[in-house]
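Q: Please read through the structure below; I'll follow up with questions.
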Amino acid sequence: MASTSRVPHFADTPMPAGVTEASGIPAVYTRIELLANLPVYSFLSGDTSSITPYLIRSSVPEFAYWVPVAGMHHEKAIDCANAFIRSHIWQVTRHKRAEWTDAQCRKIGFLLGVARAVMSSKFDISDARLIVGETAAPVMYADFGADGNAEPTYKCLANDPRTEEEKAAVPDPRTILMQAFELNDDERAVLPTLMKCAHAILPLQGFGLISEGHHYVSDRDRASFKSFHALERQHWVGDRVSAYLKDAHVDVRDILWHKAGHPVAIAVKQIAATSEQVAKNLRQADLASAAVRLPTVEPEVRAISAFLRVTDAVNPSIEAY
């Protein structure tokens, strides 16, 4: 059994009044073969206590804050994809923009939840690797049983936000956290594509940060846009997948390419972008459209390297004279 020394222990923590266990439905996520043999990228040198992500002011809105799943080691993140999705639908719904419908909140939460489950699993994202100002408190606890290997069941950690007056007339908004959750047909159809593309989010955000100082810019002439657009052209195919991901009512590019990975510490993204091993593994996972820009080097280093290559090429001719 994998070590769980970093997993917080909540066994003796009482649940809020009225809170019940929620069922997990992990099988649909773990059946995706592309995830099975990909390695975890571990960039940590030393203990997690040595990492301190700083942020003075959050640069993403509160609906896009990262919501961890309590009681979960990163190796179990895919098993907890269902909890990630529910936690993020809750977060989006609680902090939604006035014009958003319930369907839009669900879609945004689904996109964030799936992407962050994959990133947690494959890039060993623990609390120490998240920006504090862009992270919300967990609202679900995953229980893997006494031996740590059982299928997870979930407990709701969120308190009832309703006032006493509202409880008689307003349904409990924690339903999304406390009841079994099923994907709809569109979500099932897009899930394999979304999980695959999520592997490339952090390395490509690191590429953008190194190349032009931004996670993602929607300007078609910018390097960060081109890097993610290549990924889209390779994988956002098929009528159903394309229609879901190119929805005019939800800015999927902004949610996935900018906000999904934004709360992860910048150092993690930069190291992922400059790693030979990450580039190699992305190519092996049929993500060559992302790997082609990796490993990334700083523009100044690239320029110097180009100068040295030219010098090496013309030097024999100069010495001949």
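What follows draws every value from the coordinates through simple rules; no lab data is involved. Worth saying up front: this structure is predicted, and the values here are computed from it rather than measured. So basically every Cβ, Gly included, is an ideal-geometry build from the backbone, and we count neighbours across all protein chains shown.
Q: What order do you get for 96-102, 288-294 when each peptide is scored by the mean count of other beta carbon atoms within 10 Å, highest first? Show your work: numbers first, answer last.
A: On the way: 96-102: 11.0, 288-294: 19.6.
In decreasing order of mean packing, 96-102, 288-294 become 288-294, 96-102.
Q: Would you mind checking the pairs Lys96/Lys122; Lys107/Lys280; Lys155/Lys246; Lys107/Lys196 and listing those with alpha carbons more than 23 angstrom apart? Could you put the intermediate results ahead of the total?
A: Numbers: Lys96/Lys122 29 Å; Lys107/Lys280 32 Å; Lys155/Lys246 34 Å; Lys107/Lys196 18 Å.
Pairs exceeding the cut-off: Lys96/Lys122; Lys107/Lys280; Lys155/Lys246.
Q: What residues have an amide H closer than 5 Å to that of Thr135, excluding those fewer than 5 places away on the same chain, when H is modeled at 1.01 Å from N in the peptide plane?
A: Trp66
Q: For the pair Asn184/Glu212, report the inter-label distance in nm, with labels modelled 7 Å from Cα in the Cβ direction.
A: Roughly 3.4 nm, to one decimal.
Q: Test of understanding: ordering Leu202, Leu245 by Cβ neighbours within 10 Å, fewest first, what list do you get? Walk me through the numbers before you get to the answer.
A: Working: Leu202 27, Leu245 21.
Result, fewest neighbours first: Leu245, Leu202.
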